[in-house]
Amino acid sequence: MIPLAVFEAVIDASAVAPRIEALLPAGVRRRQLTVRTLLAGMCLTQADGRPAHLTRVHQALTSLPGDDQQRLGVLADWKHGPHLLTYRQTEYTFALVAAALGKDEPDGLPSGPLQRACDDLLEAGITDQFKNGSRSLAADWTDLESFSRPPPRGTSDCADPEASWGHRKNNLLRSQDELFYGYYLSAGIMVPEENGPAVPELTRRATLSSPRHDPVRAFVPVLTALPGQGIPLGDILDDSGYAHRDAGAWALPLRQAGAQLVQDLHPHDRGPKGTHEGAVIANGNLYCPRTPRTLTELGPLARTAAKEQAADHDRKTSELARYKLGRLTADDADGYHRVACPAVTGKIRCPLRPASMTLDRGRPEILTPPEHPQACCAQQTITVPPDVLAKTAQKHDYPSAAWRRSYARRTGAERGFATVKDPAASDIARGWCRLMGLTPLMLFTTTLLIARNQRILAAWNARQEETQRRAAAGLPPRTRRRRRKTPASLTGAGPP
């Protein structure tokens with residue numbers, strides 16, 4: 001169990017409690033339950049694996065030792081003696097907080113004060129040791145069901161009108177998506193830098209949105225706000241669900257904020273997609289007009305590929321890179337840059353570039369150059385405007401081995417959602433939170449992610465201490481043992 005002092009330190013470092021207190025109406029008498037104590041109780045509830053119910057928050061606070069109860073105001077001196085916090089007081093304070101952070105006209109998106117409060121709480125839970133440990137984030141979204149029953153067909157009357165119908169993947173033996181009624185939970189999980197040291201996979205940012213809004217567009221403002229908060233953006237890893245959006249919805253805002261994209265392209269965006277100045281547009285790059293089509297149509301390596309198949313795939317992607325027009329300049333203030341023919345940069349041999357024919361024959365050679373060369377073949381360089389590759393351009397050539405190794409880090413997002421959906425820990429299935437509306441649900445989800453981060457940090461520190469202890473004793477690092485179960489071990493007739 002995570003100590004109460006850890007959560008108190010996170011809440012104090014975020015400075016969220018005083019900000020929320022300033023938004024609450026002043027009553028005739030001082031409230032016994034403060035916002036700081038309420039947030040601490042919500043964190044304790046999630047750390048203990050309890051559902052996100054206010055009754056559980058009240059139980060968590062009233063179960064604290066007597067000294068902690070007096071210090072936090074759970075046990076207060078009233079006119080007629082000591083008074084223990086009641087459930088009605090817990091419900092009243094939470095309702096005030098939800099009303100102060102919510103919108104006057106709820107629309108299925110968090111208000112500015114609510115998003116900032118949740119951002120500050122999550123950031124405060126990341127220790128100074130890891131704040132600058134990695135700038136790479138794996139982005140993804142998942143479903144979060146509302147406790148409300150959906151409205152009858154043709155109406156909008158239900159207990160949670162902010163929720164809406166959405167689609168989610170399932171593990172059933174069919175490919176169709178499954179409908180659910182609730183919200184989309186989007187999160188950015190810290191992952192290691194390329195060739196960098198390992199870091200704990202902490203949730204750095206998260207938001208909630210109704211399925212009537214695009215979760216990609218809802219999450220972009222949260223990520224692009226990071227540089228203004230002193231957190232520079234690095235690699236953003238995302239799947240084809242993000243990459244398939246139009247450039248103005250995802251790619252352009254993140255690049256302008258300083259991020260580098262590492263993403264899986266949607267099948268509709270792969271392969272040749274037109275030309276620019278005669279050069280073939282494919283997979284986020286410009287290629288020579290005579291690039292073999294079998295190379296530009298290469299897709300990502302299958303998960304079940306054998307070692308020989310992976311080697312053959314990498315050989316083809318390396319050959320494809322030779323036909324790519326070489327970038328000569330960085331983007332200017334308007335997003336324009338210049339590229340040169342691969343024969344000019346010495347990567348292939350082409351009769352249209354006589355100097356390239358003196359290169360060794362180990363390079364690919366264009367045997368039938370275009371009869372009517374366009375600008376990419378006639379000029380030394382061409383200018384590429386920002387709208388040509390805005391949607392599909394990314395850090396590494398797709399689908400090269402370098403891209404595959406970098407993109408493999410995105411599984412951190414899958415593991416992040418797996419931990420909050422684990423029935424053995426904190427299952428956020430329907431019934432986990434019975435409060436209606438986006439604001440209460442987002443507050444409880446944030447405290448759940450804070451508790452998850454602290455569990456990961458505690459496990460990380462324990463592993464580091466064990467590694468250091470073994471190193472001091474001259475022992476090798478502990479490795480994970482995979483034991484095979486046999487019929488004898490299952491019946492107890494033999495060693496495990």
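Some points to look at:
- Divided by 2.2 N^0.38 Å, where N counts the residues, the Cα radius of gyration of region 408-456 comes to 1.22.
- Note on the chain: with neighbouring protein chains present and a 1.4 Å probe, carbon and sulfur make up 53 percent of its accessible heavy-atom surface.
- The count of lysine pairs in the chain that are at least 8 places apart or cross chains, and whose C-alpha atoms lie under 18 Å apart, stands at 9.
- Rounded to the nearest 0.05, the FRET efficiency derived from the C-beta distance between Ala76 and Leu24 at R0 = 25 Å is 0.90.
- Share of pairwise Cα separations in region 293-452, more than 29 Å, in percent: 47
- The helix-based estimate of mean residue ellipticity at 222 nm for the chain, built from -39,500 (n - 2.57) per DSSP H run of four or more residues and divided by its residue count, is -10500 deg cm²/dmol to the nearest 500.
- Separation of the Ala355 and Asp157 label points, Cα + 7 Å toward Cβ, nm: 7.8
- Semi-axis lengths, Å, the chain, gyration tensor of Cα atoms, sqrt of 5 times eigenvalues: 51, 28, 22
- Debye intensity ratio in log₁₀ form over the Cα atoms of region 339-387, taken at each q of 0.13, 0.14 Å⁻¹: -0.30, -0.35
- Each principal axis of the Cα atoms in region 1-87 has its own extent, and those three values, largest first, are 36, 28, 23 angstrom.
- In the context of the full set of protein chains, region 23-177 has a per residue accessible area of 55 Å² (1.4 Å probe).
- Förster radius 30 Å - calculated FRET efficiency between Asp314 and Gln380 (Cβ-Cβ, nearest 0.05): 0.45
- Take every Cα pair under 8 Å whose residues are at least 6 apart in sequence, average their separation, divide by the length of region 70-145, and the relative contact order is 12 percent.
- The modelled label-to-label distance between Ala95 and Ala425, using points 7 Å beyond Cα along the C-beta direction, is 3.4 nm.
- Global geometry of region 140-249, whether rounded, prolate or oblate, following the gyration tensor of its Cα atoms and the 1.5 cut on a/c: prolate
- Full extension of the segment from Thr304 to Thr62, taken as 0.36 nm per residue of separation minus the current Cα-Cα distance, would add 81.8 nm.
- Measuring how big region 356-422 is from its alpha-carbon positions, Rg and Dmax come out at 20.6, 62 Å.
- Here the contact order of the chain, divided by its residue count and restricted to Cα pairs under 8 Å and six or more residues apart, works out to 17 percent.
- Where trypsin sites (Lys or Arg not before Pro) fall in DSSP loop in region 139-205, at most 12 other Cβ within 10 Å: Arg153, Lys169, Arg174
- Kirkwood analysis of the Cα pair distances in region 46-143 returns a hydrodynamic radius of 17.0 Å.
The values are calculated or read from the model by the stated rules, or taken from the named source; none is laboratory data. Since the structure is predicted, the reported quantities are computational estimates derived from the model, not experimental observations. Quick reminder, even Gly has a Cβ in these numbers, built from the backbone with ideal geometry, and neighbours come from all protein chains shown. Heads up: the accessible areas ignore ligands, DNA and RNA and are worked out on the full protein's heavy atoms, side chains in. Shrake-Rupley method; radii C 1.70, N 1.55, O 1.52, S 1.80 Å.
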